[in-house]
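No lab work stands behind these numbers, since they all come straight from the coordinates. None of the values given here were measured: they were computed from a predicted structure. Here the Cβ positions follow ideal geometry from the backbone for every residue, glycine too, while neighbour counts run over all protein chains shown.
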Amino acid sequence: MKFSVEEFRNWQQKKVTLLGMSGVGKTYLSALLRHHQWYHYSGDYRIGTRYLDESILDLIKEQAMQVPFLSELLRNDWIYIRNNIKVSDLGPVLSFVGKLGNPELGGVPLEDFQRRQAQYRDAEIAAMYDVPSFIDKAQKIYGYQHFVNDVGGSLCELDEPSVIDLLVEHTMILYIQVTDSEEEEKLIRRAQSDPKPLYYRPEFLLEQTKAYLDENGLEYAAQMDPDAFTRWVFPRLFRSRIPRYETIAKRGYTVTSREVAQVRDEADFLDLLETAIGRSA
């Protein structure tokens, strides 16, 4: 959706998709807006509770069945296992995605990793297709006036144009851009200090895995330290995503991560959106 500033001010039921790398402030804004009659739709929460729920539980049960005491309890239906995913804590989703590398160091073998990556991609696409129905639910069932779509950092990697078309049709795209090297390095250092599971395009994954193996004199992905690989690959992933984000952002509006950091309430957020619209005019 595109607006003039006046059209945006008169938009009674505002619907915004926040786009950008993890760590730029999407969830910060979404959490803030929840206190101001905005429905917070978390793509990763929907993925974990709807589209990967069974797969996550199967993975947990597979591990539990290797423990004799737990396997007996599970076989006899004396215990049950369920996810406890929260919007603010998506640990089960991250655990399912995992990190590529040596299983003895907590890594996931390449074939299994690729399978999980494909499942995550399908789940993210499905979660984005659910956005229009949740816009409707947010207003008709829960009584929220506005809607914010907090998407995962991997949205630009999906290579599924219909997803972007749908989000542009139903929401205003707001890209949160990291604009200077200082902010970029800060975000990269933060990600490297606590390496988390990531989604990679299949071609990018194979290309970077080969480069890492060659650079470190290794033969197989199963020899890689999963945290070391994740730290090594993150800057490359970050920079490969920038042109992809910018392509999508042309269909919406752009603000900077520094501008987002100055937002303290809904009024600040709306002022920032008007600024972004004015800049694009």
*In whole Hz, with x marking every Gly and Pro, tabulate ³J(HN,Hα) for the stretch 148-159 from phi via Karplus 6.51 cos²θ - 1.76 cosθ + 1.60, θ = phi - 60°.*
10, 9, 9, 8, x, x, 8, 3, 6, 8, 6, 6
*asked:* Please list, ordered by chain and number, the residues whose modelled amide H lies under 5 Å from the amide H of Phe147; skip anything fewer than 5 residues away on the same chain.
replied: Lys14, Lys15, Val16, Tyr39
*What is the chain's relative contact order, in percent, from Cα pairs under 8 angstrom and six or more apart in sequence?*
33 percent
*More than 22 Å apart: what percent of Cα pairs in the chain qualify?*
61 percent
_Ranked list, fewest to most other Cβ atoms within 10 Å of each Cβ, for Val233, Val168_ = Val168, Val233
*Nearest 10 degrees, 0 to 90: helix 131-140 Cα axis against the chain principal axis*: 60 degrees
*Could you please rank Trp78, Trp232, Trp38, placing first whichever residue has the fewest other Cβ atoms within 10 Å of its Cβ?*
Trp78, Trp232, Trp38
_I'd like to know which of Gln192, Val151, Thr209 lies farthest towards the positive end of the charge dipole of the chain, counting +1 on Cβ of Lys and Arg and -1 on Cβ of Asp and Glu._
Val151
*So who's got an amide H within less than 5 Å of the one on Tyr253, skipping anything under 5 residues away but keeping other chains? H placed 1.01 Å off N, in plane.*
Ile173, Leu174, Tyr175
*Folded to 0 to 90 degrees: helix 110-129 orientation relative to the chain principal axis, Cα*: 30 degrees
*asked:* Could you derive backbone 3J(HN,Hα) for the stretch 42-54 from the dihedral phi with the Karplus parameters 6.51, -1.76 and 1.60 (θ = phi - 60°), listing whole Hz in sequence and x where the residue is Gly or Pro?
replied: 9, x, 5, 5, 5, 4, x, 8, 10, 9, 10, 4, 5
*Per DSSP H run of n ≥ 4, the term is -39500 (n - 2.57); total these for the chain, divide by its residue number, and report the mean residue ellipticity at 222 nm rounded to 500 deg cm²/dmol.*
-17000 deg cm²/dmol
_DSSP-defined antiparallel bridges as percent of all bridges, the stretch 13-270, nearest 5_ = 5 percent
*When a footprinting reagent is the concern and you count Cβ atoms within 10 Å, what order do Arg189, Arg258 take, fewest first?*
Arg189, Arg258
_Part-to-part distance (alpha-carbon centres) for the stretch 161-221 and the stretch 1-74, which is given in Å_ = 18 Å
*If you line up the long axis of helix 181-193 against the longest principal axis of the chain, both from Cα atoms, how many degrees apart are they, to the nearest 10?*
30 degrees
*Treat every Asp and Glu Cβ in the stretch 13-270 as -1 and every Lys and Arg Cβ as +1, leave all other atoms uncharged, and give the resulting dipole magnitude about the Cα centre to the nearest 20 debye.*
700 debye
*3J(HN,Hα) from dihedral phi, the stretch 56-70, Karplus parametrisation 6.51/-1.76/1.60, rounded to Hz, x for glycine, proline*: 5, 5, 4, 5, 5, 5, 4, 5, 5, 5, 7, 9, x, 4, 6
*Those trypsin sites (Lys or Arg not before Pro) in the stretch 1-52 that DSSP places in a loop and that have at most 16 other beta carbons within 10 Å*: Lys2
*For Arg9 and Leu166, compute 0.36 nm times the residue count separating them, minus their Cα-Cα distance, and round to one decimal in nm.*
54.3 nm
*Under 5 Å between amide H atoms, partner at least 5 residues away or on a different chain: which partners does Val87 have, H built in plane at 1.01 Å?*
none
*Over 25 Å between C-alpha atoms is what I'm after, so list which of Lys26/Lys61; Lys186/Lys210; Lys26/Lys86; Lys26/Lys196 land there.*
Lys26/Lys61; Lys186/Lys210
*asked:* How much length would be gained if the chain were fully extended between Ala211 and Ser88, taking 0.36 nm per residue of separation minus their Cα-Cα distance, in nm to one decimal?
replied: 40.8 nm
